[in-house]
Amino acid sequence: MTTRKGRPAVLLVGCGKMGTALLAGWMRKRIAGSFHVVEPSPGRRLRGARYYATPERLPRSLEPTAVAFAVKPQAFDSVVPRYRRFAETGAVMLSIAAGKTLAGMARLLGDGAALVRAMPNTPAAIGRGITVACAGRGVSPAGRKLCAALLGAVGEVAWVEDEALLDPVTAVSGSGPAYVFLLIECLTAAGEAEGLAPALARRLATVTVAGAGELARIAAESPAQLREAVTSPGGTTRAALDVLMADERFGRLIREAVAAAARRSRELAQ
């Protein structure tokens, strides 16, 4: 049995879509020496990981270096206390449950536990996610480094010192993919309305959004500069932007949407 005495052992609690994405990234990057998963009904089993239906079935000799919780927020309070013994033996406890604060985790796992709260997003499934994390006072540099490696296996990682910032983070990057998918839906429908075949309209919208996003990611110019470079005076793009930007309607709508998501994130934490 690989434990903290050898290469790290990682225990994953919950293996739905995000949990599976994380596990696949960890295994691909060989983050640990062994991977253990507690999931009563795994939809997909990854070769090389060891699965258990309940925490009581875990090997008594297991001493994970990290325990990652990828369970739904509504199940969090009933599931997490069953792993308190690992917090008491020094494992870093990493949660990706939306709205579950460090203080809330401490009530379930003990005030001395090494706690990290993180918010990933769904592009983690293809290794292109971005996760923002916040570490509690009890996390050692080694624990923080391990969590950075675990989260970095599925995309980029950023850290914040102020936990309250995870609410707007949730609203921007956590929920953000849904906004982008809605944009693709709307562009597709608009193309169809102008006479394009549905398959072509969807392809144009999807590839355009993906390509523009990648260009914005790698370009030295700001998004505003990239937008201006596409916009010729009196041209087609200008005609469209005159509609979207009139009275700041598009920007105002996005700000209202992000504010609503951030507000809901704060409500979930109460």
Lone qualifier among 6, 33, 25 - being over 25 Å from residue 267 (Cα atoms) and at pLDDT 95 or above: 25
Scope the stretch 240-258; condition among the charged types (D, E, K, R) and closer than 18 Å to residue 173 by Cβ; matching residues: 255, 256
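Here's the yes/no breakdown for (1) assigned by TED's automatic domain parsing to the domain that holds residue 97; (2) over 17 Å from residue 124 (Cβ atoms):
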{"position": "140", "(1), (2)": "yes, yes"}
{"position": "149", "(1), (2)": "yes, no"}
{"position": "184", "(1), (2)": "no, yes"}
{"position": "193", "(1), (2)": "no, yes"}
{"position": "199", "(1), (2)": "no, yes"}
Number of the condition not met by residue 78 [criteria: (1) surrounded by fewer than 18 Cβ atoms within 10 Å (Cβ to Cβ); (2) touching a helix residue (DSSP H, G or I) at 6+ places or on another chain (Cβ under 7 Å)]: (2)
Test: residue in the stretch 43-62 that is surrounded by 16 or more Cβ atoms within 10 Å (Cβ to Cβ) and within 30 Å of residue 172 (Cα to Cα): no
Pair list, Cβ < 9 Å and 6+ apart or interchain, from the stretch 40-57 residues that are among the β-branched types (Val, Ile, Thr) to residues that are outside any loop (DSSP other than H, G, I, E, B): 54/38; 54/82
Residue 38 vs. criteria of a type in the set (Val, Ile, Thr) and over 18 Å from the mean Cα position of the chain (by Cα): yes
Condition met for residue 205 (modelled with pLDDT of 95 or more and surrounded by 15 or more Cβ atoms within 10 Å (Cβ to Cβ)): yes
Check on residue 99, assigned by TED's automatic domain parsing to the domain that holds residue 41 and surrounded by fewer than 23 Cβ atoms within 10 Å (Cβ to Cβ): yes
The stretch 19-46: number of residues that are under 19 Å from residue 7 (Cα atoms) and of a type in the set (D, E, K, R): 3
Qualifying residue in the stretch 114-130 (condition: surrounded by fewer than 19 Cβ atoms within 10 Å (Cβ to Cβ) and more than 24 Å from residue 16 (Cα to Cα)): no
Unique match (being of a type outside the set (Val, Ile, Thr) and touching a strand residue (DSSP E or B) at 6+ places or on another chain (Cβ under 8 Å)) among 81, 42: 42
Residues satisfying the stated conditions in the stretch 2-39, i.e. touching a residue at least 12 places away in the same chain (Cβ under 8 Å), within 22 Å of residue 120 (Cβ to Cβ) and either of a type in the set (S, T, N, Q) or surrounded by fewer than 18 Cβ atoms within 10 Å (Cβ to Cβ) (or both): 16, 17, 20, 27, 28, 29
Enumerated strands (runs of 3 or more DSSP E) restricted to the stretch 107-196, each holding at least 3 residues that are closer than 22 Å to residue 77 by Cβ: 114-119, 129-135
Every residue from the stretch 81-101 that is on the phi > 0 side of the Ramachandran plot and either in contact with a helix residue (DSSP H, G or I) (Cβ under 6 Å, 6 or more places away or on another chain) or of a type in the set (A, V, I, L, M, F, W, C) (or both): 99
Search result, residues across the stretch 255-270 that are among the aliphatic types (A, V, I, L, M) and loosely packed, with under 13 Cβ neighbours inside 10 Å: 259, 260
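The values are calculated or read from the model by the stated rules, or taken from the named source; none is laboratory data. Computed from a predicted model, the values in this text were never measured in an experiment. No Cβ is skipped: glycine too gets one built from the backbone with ideal geometry, and neighbour counts run over all protein chains shown.
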